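As structure tokens, the structure follows; a few thoughts come after it.
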Amino acid sequence: MEGGKKMKIMNIVNAINNAIDIKLSEDKDVIVYGEDVGVEGGVFRVTEGLQKKHGADRVFDSPLAESAIAGTAVGMATAGLRPVIEMQFSGFSLPALNQIISHAARMRNRSRGKFMTPIVIRMPYGGGINALEHHSESLEALYGHIPGLKVVIPSTPHDAKGLMISSIESDDTIIFMEPKRIYRAIKQEVSEDKFSLPIGKAKVVSQGKDITIVAYGALIREAQKAMVMASKAGINAELIDLRTIYPIDKETIIKSVKKTGRLMIVHEAVKSFGVGAELMAIANEEAFLHLEAPPKRVTGFDTIVPLPKGEHHFMISPERIFYEMERTVKF
């Protein structure tokens, strides 16, 4: 539910910090830790000031060992705590896959509901900041494929706060992926009071009649730029922010596709076996007779994100989105 009237201009960093601060203040079982998360506030300063306010026993630095970070969180969660842990970059989460997939995701099923793992695993993800290898991956499809995990990706400060509060309060393990390219690029008024947003519910950002565009994270902004170009060409697009990769909001997407007759998915992750492929399958299964053109994916390429000098070749531009949008509408 939404918060009150006390508003403050926030970016995504501020919003996530505020959400974690609220939960630390109201729930003694919430703890925060990870590499450089305590004293420095994380490499992107998302947890800055939280150790000073809540103490080093609740907000603290960990060893540089992702498997240990995730593994200890599983133990703490089964003992009744609610850990909010950080993988410094999403690519660094790979050493922790055994703990995340074999234990965090399976604990409730393994124990037939006796034990739960209410863990939030935060990880900055995606490219666009001229970083090194393992700093720019988009691994949402990998985590979305694992039963027992939920995958959340906000695109605005408002959504980042509401979804983070819901994630911390959830009894499930949440992979909370933060689009670092827009950490400080978007500012908006956000309630300073506590509010939450439902996990598993997409948002219709703008209504349209000619084509459904589904995106999330940093690509919402690029899709909106492309839609400005499209409107000048007479194309009226509907934009949906997925917000949750899993569970996926089939109802909102199918309703839109049945209205527009066309579907285009935009995501930065590599093309093969991705979120776009899943959405195309959903459209084909649930709205095939309403389609007036083949569903289209505008995605990253099937390669590792290039190092800084070549990264711009990988990133998705508004011009590329508009080009494919126009082709789909004119099919």
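Could you list, in sequence order, the residues of region 203-221 that are surrounded by fewer than 24 Cβ atoms within 10 Å (Cβ to Cβ) and among the polar types (S, T, N, Q)? Hits for region 203-221 are S206, Q207.
Go through region 79-98 residue by residue and tally those that are part of a helix (DSSP H, G or I) and either surrounded by fewer than 21 Cβ atoms within 10 Å (Cβ to Cβ) or acidic (D, E) (or both). Give the steps one after another, and end with the answer.
Step one: filter region 79-98 for residues part of a helix (DSSP H, G or I), giving 90-98.
Filter once more, so that each one left must be either surrounded by fewer than 21 Cβ atoms within 10 Å (Cβ to Cβ) or acidic (D, E) (or both): 92, 94-95, 97-98.
Residues flagged as part of a helix (DSSP H, G or I) and either surrounded by fewer than 21 Cβ atoms within 10 Å (Cβ to Cβ) or acidic (D, E) (or both) within region 79-98 amount to 5.
Only one entry of I182, I186, I146, I129 meets the criterion of being surrounded by 21 or more Cβ atoms within 10 Å (Cβ to Cβ) and in the same structural domain as A65 (by TED's automatic domain parsing), and that entry is I182. Of the listed requirements (1) in contact (Cβ under 8 Å) with a residue 40 or more places away in the chain; (2) assigned to a helix (DSSP H, G or I); (3) in contact with a helix residue (DSSP H, G or I) (Cβ under 7 Å, 6 or more places away or on another chain); (4) of a type outside the set (K, R), Y143 misses just one: (3).
Is there a residue being modelled with pLDDT under 95, in contact with a helix residue (DSSP H, G or I) (Cβ under 9 Å, 6 or more places away or on another chain) and among the aliphatic types (A, V, I, L, M) anywhere in region 147-160? Break it down into steps so the answer makes sense when it comes.
Of region 147-160, the ones modelled with pLDDT under 95 are none.
No, that holds for no residue.
Figure legend. Inter-residue proximity from region 192-220: first residues under 20 Å from S317 (Cβ atoms) and in contact (Cβ under 8 Å) with a residue 12 or more places away in the chain, second residues part of a loop (DSSP other than H, G, I, E, B) and of a type in the set (V, I, T), beta-carbon distance below 9 Å, spacing 6+ or different chains. Indicated pairs: I211/I235; Y216/I153; G217/I153; L219/I316; I220/T156. Can you name the residue in region 25-75 that is part of a helix (DSSP H, G or I) and over 24 Å from the mean Cα position of the chain (by Cα) and, of all such residues, is surrounded by the fewest Cβ atoms within 10 Å (Cβ to Cβ)? The extreme case among them is E26. Against the list (1) in contact (Cβ under 8 Å) with a residue 40 or more places away in the chain; (2) outside any helix (DSSP H, G or I); (3) crowded, with 20+ Cβ neighbours inside 10 Å, the condition L279 fails is (2). None of I253, I240 is touching a residue at least 12 places away in the same chain (Cβ under 8 Å), part of a strand (DSSP E or B) and crowded, with 21+ Cβ neighbours inside 10 Å except I240.
The values are calculated or read from the model by the stated rules, or taken from the named source; none is laboratory data. What you see is a predicted model; the values in this text were computed from it and never measured. Every residue, glycine among them, receives a Cβ derived from its backbone with ideal geometry; neighbour counts consider all protein chains shown.
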